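Trainee: Take this structure, written in structure tokens, and hold onto it; I'll ask about it next.
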Amino acid sequence: MVAPLRVGIAGLGTVGAEVVRLIARQERALAERTGRGVRVVAVTARSRAKNRDIDLSGIRWVDDPVTLAGDPEVDCLVELMGGVGDPALAAIETALKSGKSVVTANKALIAKHGLRLARAAEAHGGALNFEAAVGAAIPVVKTLREGLTGTGIDRVYGILNGTCNYILTRMEQEGLSFAECLKDAQRLGYAEADPSFDVDGHDTAQKLAILASLAFGTEVAENAIYVEGISSIAPEDLRAAAELGYRVKLLGVAMRTAKGIEQRVHPTMVPKSSSIAQVMGVTNAVTIDGEGIPPITLVGPGAGGAATASAVVADIADVARGVRVAPFGRPVETLRATEKAPMERHEGGYYIRLMARDHVGTAAAIATRLAEQKISIESIVQRHPDGGGPASSGEGAPVPVILITYATHEDAVHRALQAVQDDKVISGRPQVIRIEKN
């Protein structure tokens, strides 16, 4: 009879406590599915006295995570402490160099130190599993790493941050401002007291860095990603998007281009008909475009104790089965270096909102500047705040003008808009949102 897999858990917060509960609740099913038992034998956390509403009887308490990682009575370390450095990094490295397997939900650590840890796993024969680091219960890591090994990936993109998706959903559905929705998200616990990591796009960028490596065989490189957040999005942008057949989502996009792998995070207009546009609230979704197959979209809860614990336990089950896969789907030595692709080279359609001065010749000046950069307009909408005609807003008062372009280059858009500003026919800064086609 195969001995049980002995699990040590470092970190007993919401996710860690739920992992303990889930392993106990699924004890029989895990044994049947993996061919051996799975047993939590030791734990560590900052406070031993905290009431976590879990049964720790028969489970050893270890005071130090690194000591737990090197414990000869532990086969698999589950790191749920978080943080980009020690003690999480030291504990994982100690476990891997001891020949143990590691399961972690730590996206920040994998995005920064993933290659270093993958080398240790490959050198010493352990698994390094991190399904819960991206999309929680959505099995996108396993899909890219194992399920699509015979498929060339052209693009992977998705909604990877529930906080931003919740805010944009509320703004669209209720016509609220970004500030109002952010405050409500903080009240409900969807956003941190300091929300910048989420709303400025950095959380999405860390997750995208991991997905891009898995999809394209590149080194994990968060600094190779263009990042833009959602704080500039206004209710009028969402209303215009809806009228034009789009929704605005914060997307992480990694795609193969003739110039290399383009990686970017920014607010994006997506067609309402697309799968990704239907994803509302705190839900996450990832779409994978592969050679010879229709797009695959995976949708589910991207955060939360139960969802994250589910992914963690699935990774533990793979360790119990004896599954050993290169952490990033390929040996580390074969992963290619990647550089930040200048956004000026990005090619696609654009939504542009201008506050145009209501003067004779303004429209002609804007059209001339766009034509100089060979930018073709798919549609144009001019609005007057009171719903009346041009004269009703008052001579010289700015009027919202919304343009949708055909595919063009980002640097052309910026040059044209700078020229329009220099002509002094608009007030304020233009709003520019990229469009992602199906």
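Trainee: Give me the residue from segment 146-161 that is surrounded by fewer than 24 Cβ atoms within 10 Å (Cβ to Cβ) and small (Gly, Ala, Ser) and, out of that set, farthest from THR297 (Cα to Cα).
Mentor: GLY150
Trainee: OK, next. Can you spot a residue in segment 172-192 that is surrounded by 24 or more Cβ atoms within 10 Å (Cβ to Cβ), within 15 Å of GLY252 (Cβ to Cβ) and either in contact with a helix residue (DSSP H, G or I) (Cβ under 8 Å, 6 or more places away or on another chain) or modelled with pLDDT of 95 or more (or both)?
Mentor: Looking through segment 172-192, none of the residues is surrounded by 24 or more Cβ atoms within 10 Å (Cβ to Cβ), within 15 Å of GLY252 (Cβ to Cβ) and either in contact with a helix residue (DSSP H, G or I) (Cβ under 8 Å, 6 or more places away or on another chain) or modelled with pLDDT of 95 or more (or both).
Trainee: Residues in segment 77-91 that are surrounded by fewer than 22 Cβ atoms within 10 Å (Cβ to Cβ) and of a type in the set (A, V, I, L, M, F, W, C): how many?
Mentor: 3
Trainee: I'm checking my understanding of the structure. Among residues of segment 217-237 that are of a type in the set (Gly, Ala, Ser) and in a loop (DSSP other than H, G, I, E, B), which one is surrounded by the most Cβ atoms within 10 Å (Cβ to Cβ)?
Mentor: Among them, the one singled out is GLY229.
Trainee: Let me ask something else about it. So which helices (runs of 4 or more DSSP H) are wholly in segment 1-76 and hold at least 1 residues that are surrounded by fewer than 15 Cβ atoms within 10 Å (Cβ to Cβ) and acidic (Asp, Glu)?
Mentor: The helices (runs of 4 or more DSSP H) meeting that bar are 27-34.
Trainee: Let me ask you something else. Within the group ALA363, ALA314, ALA341, ALA306, which residue is in contact (Cβ under 8 Å) with a residue 60 or more places away in the chain, part of a helix (DSSP H, G or I) and in contact with a strand residue (DSSP E or B) (Cβ under 9 Å, 6 or more places away or on another chain)?
Mentor: ALA314
The values are calculated or read from the model by the stated rules, or taken from the named source; none is laboratory data. No experiment lies behind these values; they were computed from the predicted model shown. A quick note on method: Cβ atoms are made from the backbone with ideal geometry, for glycine too, and the neighbour counts reach across all protein chains shown.
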